[in-house]
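Have a look at the structure below, then the notes.
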Amino acid sequence: MSFKLLLLPENREVARKLGIATALMFTFPIITFYICFYFIFHGKEEPLAWSGFAAVGAANIVVAGYVYSAFSESDEDFLKDQKRMFDNDESGPRVGAFKQRTD
């Protein structure tokens, strides 16, 4: 697989989402860590540990958002392909329970 597949017109929306998620995965936990370390947990005991927990939580938020966006995509292209596959025999010979008897 190459990078050129992401630049195809049908994959551009997915590539955009992947790029945004990658950028957020790199920046959001680091920013969260430093904001928590210097401003929120500065006077408390073990600020490094609490800031690390906050950064892990930020990374999990990014992953959950990416998964949600992936599952909320429409399935119309997949459903069209499935309907076309079962409407005619262009996809190949039918086997098993889908085989038509000719005798």
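The values are calculated or read from the model by the stated rules, or taken from the named source; none is laboratory data. These numbers were taken from a predicted model, which means no experiment stands behind them. FYI the Cβ positions are ideal-geometry reconstructions off the backbone, even for glycines, and counts take in every protein chain you see.
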Exactly one of 49, 64, 55 is in contact (Cβ under 8 Å) with a residue 12 or more places away in the chain and of a type in the set (A, V, I, L, M), and that residue is 55
Picked from the range 1-19 (must be farther than 14 Å from residue 73 by Cβ and assigned to a helix (DSSP H, G or I)), the residue modelled with the highest pLDDT is 19
Evaluate the range 40-50: report whether one residue or more is assigned to a loop (DSSP other than H, G, I, E, B), on the phi > 0 side of the Ramachandran plot and of a type in the set (D, E, K, R). yes
Log entry, pairs with first residue in the range 4-22 being surrounded by 10 or more Cβ atoms within 10 Å (Cβ to Cβ), second being part of a helix (DSSP H, G or I) and charged (D, E, K, R), beta carbons closer than 9 Å, six or more apart or on different chains, reads 6/12
_When you scan the range 31-42, do you find a residue that is within 28 Å of residue 74 (Cα to Cα) and either surrounded by 15 or more Cβ atoms within 10 Å (Cβ to Cβ) or among the β-branched types (Val, Ile, Thr) (or both), even just one?_
no
Query raised in the report: in contact with a Leu (Cβ under 8 Å, 6 or more places away or on another chain) and of a type outside the set (D, E, K, R), is that true of residue 67?
Result: no
